[in-house]
1. Which residues, taken from the range 12-31, are surrounded by fewer than 18 Cβ atoms within 10 Å (Cβ to Cβ) and not in a loop (DSSP other than H, G, I, E, B)?
2. Would you confirm whether or not the range 74-82 contains a residue that is surrounded by fewer than 21 Cβ atoms within 10 Å (Cβ to Cβ), modelled with pLDDT under 90, part of a helix (DSSP H, G or I) and touching a Ser or Thr at 6+ places or on another chain (Cβ under 6 Å)?
3. Select, from ALA246, ALA223, the only residue that is hydrophobic (A, V, I, L, M, F, W, C) and closer than 18 Å to TRP5 by Cβ.
4. Considering LEU182, LEU189, LEU219, which residue is in contact (Cβ under 8 Å) with a residue 24 or more places away in the chain, buried (at least 23 other Cβ atoms within 10 Å of the Cβ) and not acidic (Asp, Glu)?
5. Output yes when any residue across the range 248-256 is of a type outside the set (Phe, Trp, Tyr), part of a helix (DSSP H, G or I) and surrounded by fewer than 16 Cβ atoms within 10 Å (Cβ to Cβ), and no when none is.
6. Considering each of LEU71, LEU116 in turn, give the residue that is in contact (Cβ under 8 Å) with a residue 60 or more places away in the chain and under 29 Å from ARG40 (Cβ atoms).
7. Return the total of residues in the range 265-292 being of a type outside the set (A, V, I, L, M, F, W, C) and surrounded by fewer than 17 Cβ atoms within 10 Å (Cβ to Cβ).
8. Taking the range 95-153 on its own, how many of its residues are within 16 Å of the chain's Cα centre (by Cα) and among the aromatic types (Phe, Trp, Tyr)?
Amino acid sequence: MIEAWFILAIAYAFCHATVGFLDKLVLRKKIYPLSLNNVRFAFNSIIAFVIILFFFQTNLTYSSAVWILFLAISIIYFLSTLGHFFGLQLEDVSKAIPYREGLSTFLAYALPIIFLFEKLTVYHTIGTLVIIIGTYIILSDGKKIIPKLSKGIMIITISGIAMPVIGVLSKVAVENVNPMTLNFFTYTLVFLYITSTSIYFKPKELKETAKFLFEDKKLLGIAFTSSLLATVGTLFLNFALTMGKASQVLPLSRTLPLFAVIYGSLFLKEKYSKVRFFGAALIVAGMFLINF
């Protein structure tokens, strides 16, 4: 039987794969990626606030421990964004991404077991390993890629570690607060961090990106849609964490490459080798083993 947390975790992966697809369309216009994140996180925060306003009840009377969780999650999220951005500037994408996603999926499985004391099953373990193998095959196109230790790899490792850590902290947080509230404070704080960084290091790019997007209504619509899907997708994940074990939900959330293959094949007319479709099949098999 397929549980609700399973569907929500897959919905998260689908939403964020769609976000990646839409962001590609925007970045084709040579927009500075970090400045695009400024606009996107601003939209994320506004959308999260509107959803809270109309659909949820929330308050600000949380314990200091909860506020520390909000702060920790937002700072790690910010470091993950920087690690992804600067890591890919220094390292070949074909080497960095398979490595990062494999590491992130493994940690998404291991960290909840270590820190939340969740019990594992044989099917769960095999399913996670199959997803890791399938993800690696898709992202590396079946090639044997062993990244050498470099500055870029060390920086992108931050991103690979950060996301599963955020997942574990979010699991703790949603036991005390509404998942949408967690969304709102995370996005708002990350927006403030990224904006401050951009104003200090790249003020010209930030101003030009904002001007370009708001003059091009089509691109602005795409950016807004990306933010809407990102916000809703993260809400799905946070609700999934309230229902299922983090050691099951989080590895499922790392199945984005499966949907990336589907999008690339259907909409970008990208041609994939048979080995990549084999990798996609492995991910699907792993998903259902985790739900076993």
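The values are calculated or read from the model by the stated rules, or taken from the named source; none is laboratory data. Only a predicted model underlies this, so the values are computations on that prediction, with no experimental measurement involved. Don't worry about glycine lacking a Cβ; one is built from the backbone with ideal geometry, like all the others, and counts go over all protein chains shown.
1. Within the range 12-31, the subset surrounded by fewer than 18 Cβ atoms within 10 Å (Cβ to Cβ) is 20, 24-25, 27-30.
If the condition is that a residue be surrounded by fewer than 18 Cβ atoms within 10 Å (Cβ to Cβ) and not in a loop (DSSP other than H, G, I, E, B), then GLY20, LYS24, LEU25, LEU27 are the ones that fit.
2. no
3. Details: ALA223 fails: closer than 18 Å to TRP5 by Cβ.
Answer to the selection: ALA246.
4. Working: LEU189 fails: buried (at least 23 other Cβ atoms within 10 Å of the Cβ); LEU219 fails: buried (at least 23 other Cβ atoms within 10 Å of the Cβ).
Of LEU182, LEU189, LEU219, the one residue that is in contact (Cβ under 8 Å) with a residue 24 or more places away in the chain, buried (at least 23 other Cβ atoms within 10 Å of the Cβ) and not acidic (Asp, Glu) is LEU182.
5. So the first thing to find is which residues in the range 248-256 are of a type outside the set (Phe, Trp, Tyr), and the list is 248-256.
Next cut, part of a helix (DSSP H, G or I) only: 248-253, 256.
Next, from what is left, pick out any that are surrounded by fewer than 16 Cβ atoms within 10 Å (Cβ to Cβ): none.
No - not one qualifying residue is present in the range 248-256.
6. On the way: LEU116 fails: under 29 Å from ARG40 (Cβ atoms).
When all the criteria are applied, what remains is LEU71.
7. Initial filter on the range 265-292 (of a type outside the set (A, V, I, L, M, F, W, C)): 265, 269-274, 276, 279, 286, 291.
Then drop every residue that is not surrounded by fewer than 17 Cβ atoms within 10 Å (Cβ to Cβ), which leaves 265, 269-274.
Selection size over the range 265-292: 7.
8. The number of residues fulfilling the criteria is 3.
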